[in-house]
Structures are given as C-alpha cells and as structure tokens.
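A.B. asks: Have a look at the structure that comes next, please.
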Amino acid sequence: MRILVVEDEEKVANFIRMGLGQEHYAVDIAREGHAGLRLAESVEYDLVILDLMLPGIPGLELLKRLRAEKKSFPVLILTAKGEVEDKVAGLDNGANDYLVKPFAFAELSARVRALLRREASQDKILRCADLELDTATRVVRRAGREIELKPKEFALLEYLMRNSSRSVTRTMILEHVWDIHFDSVSNVVDVHINSLRNKLDKEFQPQLIHTVRGVGYVLRDKTT
C-alpha cells in the first residue's frame, strides 16, 4: 500500500513516515501544497494524509482540487484545527476522516487501517479470467485451485490486477510494491514476475502475465 503524507512540519512528517514504514506501508512526503498536488496527480496512492495549514496551496483547497479531478483515494485530514466548523468543512469537501493534533500514532495507524479496509471492501474480489484475488482474506485462486503466494508476490499480483489490461513499468512496480525510487542494478521485479508466472501461468491457460517489450508488464486475458 502506498500513502502520501502532505505535511509541512518536518518532525511530524518523519514521525509518520517512520511509523507507517514499520507497518510496511510505502510512504511519500510532500512539504507544501503544490508538491502534494503534483504527487497526488502523478502517482497512484491508496491513501492521503493531509494537513490543512500548508504553504503553497492550503490543505482544504488541495482537497477540493483533488476531488474535482475525480481522485477517489481516501483522505485523512491531520491538523491542529479542531473546531467543529473545521471538521465539517473538511468532511463536506471530500475528506473521509479527520484527526486533530496532537495525536497518538496508534490512533492514526488504526484510522489508516480502517480507511484502507473500507476502500478494499468496495472491490474485495479482483478477477482476471479464472484468476481471483480476495483482498480481505488474502486468498488467491486460479481455476478454483488455491495458490499460495509470499507477501511480496501477493502485493505484486494485487498491483497488477488493480491495473488489469494496463501496462505498468518496472519503476512503477518498484515504487508501489517495494518503495524503491530507482533501479540501477536490481532484478527483483523480474524475479518476482517469474515466480508468479510459475505459480499462476505454468499449469493454466490462457497465460495472463505478459511482458510489454521496452515498457514492463501487463496482466490481461488475451483471449478477450
């Protein structure tokens, strides 16, 4: 899961990144509104944690712009502005939850998990041909047969299935699944793709994981 934190207080941003990183989330930080907008428009995030008092574009205006652009990821407002009218404005303009500073990380983490569960429940079962992935139980089946996957294999397959029929680059995969922002020598993506092919395609037809030459990979049923 990839999370964007838009927060201008460096210590708070680093505290959140460290805590969420220990819980195996990939976390990006934007220190002002314009940077937050650019990242939210160009990267596929599963959730955004947003401060309201930001330099550049204020948080509430940033939220309005993202919702106007039909960005549907859940947004958790994290701010020192705790008046009722502030909460109402945030929720009315598209926030999914609202947490007031100072905060306990345990509560932030619980709210993040709740928002991600709520989002996942809307598309609990991902399908491509006879391949099924259950995001709630983390069970994968092909042609009715349960396939055992390691955690990173599951995360990679979920990313491919959420982008079914769309080519994704190695860089996109590295950033979303491994939280790596460059790849000069590593073949970790290719190794895990080969492992998925052995488990999901080797004994089944049609093959679903395809190489897009010069680009990356795509999951799709070529018979449809």
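The values are calculated or read from the model by the stated rules, or taken from the named source; none is laboratory data. What you see is a predicted model; the values in this text were computed from it and never measured. Every residue, glycine among them, receives a Cβ derived from its backbone with ideal geometry; neighbour counts consider all protein chains shown.
A.B. asks: Please work out which residue is farthest from residue 44 (Cα to Cα), limiting yourself to segment 180-204 and to residues that are at pLDDT below 80 and either assigned by TED's automatic domain parsing to the domain that holds residue 21 or loosely packed, with under 15 Cβ neighbours inside 10 Å (or both).
C.D. replies: Among residues in segment 180-204 that are at pLDDT below 80 and either assigned by TED's automatic domain parsing to the domain that holds residue 21 or loosely packed, with under 15 Cβ neighbours inside 10 Å (or both), the one farthest from residue 44 (Cα to Cα) is 185.
A.B. asks: Within segment 72-88, track down each residue that is crowded, with 17+ Cβ neighbours inside 10 Å and either among the polar types (S, T, N, Q) or more than 24 Å from residue 110 (Cβ to Cβ) (or both).
C.D. replies: 79
A.B. asks: Given (1) of a type in the set (Lys, Arg); (2) under 20 Å from residue 46 (Cβ atoms); (3) touching a Phe, Trp or Tyr at 6+ places or on another chain (Cβ under 8 Å), identify the lone condition not met by residue 142.
C.D. replies: (2)
A.B. asks: What are the pairs with Cβ atoms under 6 angstrom where one residue, in segment 66-82, is within 16 Å of residue 46 (Cα to Cα) and free of Cβ contacts under 8 Å to residues at least 40 places away in the same chain and the other, located anywhere, is crowded, with 16+ Cβ neighbours inside 10 Å and of a type in the set (Ser, Thr, Tyr)? Sequence gap at least six, or different chains.
C.D. replies: Pairs found: 77/98.
A.B. asks: Determine whether residue 154 is under 18 Å from residue 26 (Cα atoms), in the same structural domain as residue 16 (by TED's automatic domain parsing), among the aromatic types (Phe, Trp, Tyr) and in contact (Cβ under 8 Å) with a residue 12 or more places away in the chain.
C.D. replies: Criteria not met by residue 154.
This table checks each residue for (1) under 24 Å from residue 36 (Cβ atoms); (2) assigned to a helix (DSSP H, G or I); (3) in the same structural domain as residue 8 (by TED's automatic domain parsing); (4) touching a helix residue (DSSP H, G or I) at 6+ places or on another chain (Cβ under 7 Å).
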residue	(1), (2), (3), (4)
62	yes, yes, yes, yes
70	yes, no, yes, no
77	yes, no, yes, yes
81	yes, no, yes, no
132	no, no, no, no
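A.B. asks: While we're here: Filtering segment 83-104 down to residues that are touching a residue at least 24 places away in the same chain (Cβ under 8 Å) and in a loop (DSSP other than H, G, I, E, B), which residue is nearest to residue 8 (Cα to Cα)?
C.D. replies: 101
A.B. asks: Here is a follow-up. Would you mind telling me which numbered condition in (1) surrounded by fewer than 20 Cβ atoms within 10 Å (Cβ to Cβ); (2) outside any helix (DSSP H, G or I) residue 54 fails?
C.D. replies: (1)
A.B. asks: Here is a further query. Suppose the filter is modelled with pLDDT under 95, surrounded by fewer than 19 Cβ atoms within 10 Å (Cβ to Cβ) and over 18 Å from residue 119 (Cα atoms); does residue 32 pass it?
C.D. replies: When the stated conditions are applied, residue 32 does not pass them.
A.B. asks: Residue check: is residue 107 part of a strand (DSSP E or B), surrounded by fewer than 19 Cβ atoms within 10 Å (Cβ to Cβ) and acidic (Asp, Glu)?
C.D. replies: Taking the combined requirement at face value, the residue does not satisfy it.
A.B. asks: Restricting the first residue to segment 196-216 and requiring it to be closer than 21 Å to residue 151 by Cα and part of a loop (DSSP other than H, G, I, E, B), which pairs with a second residue that is modelled with pLDDT of 95 or more and of a type in the set (Val, Ile, Thr) meet a Cβ separation below 6 Å and a spacing of at least six or different chains?
C.D. replies: If the second residue must be modelled with pLDDT of 95 or more and of a type in the set (Val, Ile, Thr), the pairs left are 201/209.
A.B. asks: Sticking with this one: Kindly provide the set of residues from segment 149-166 that are touching a Phe, Trp or Tyr at 6+ places or on another chain (Cβ under 8 Å) and surrounded by 16 or more Cβ atoms within 10 Å (Cβ to Cβ), ordered by number.
C.D. replies: 160
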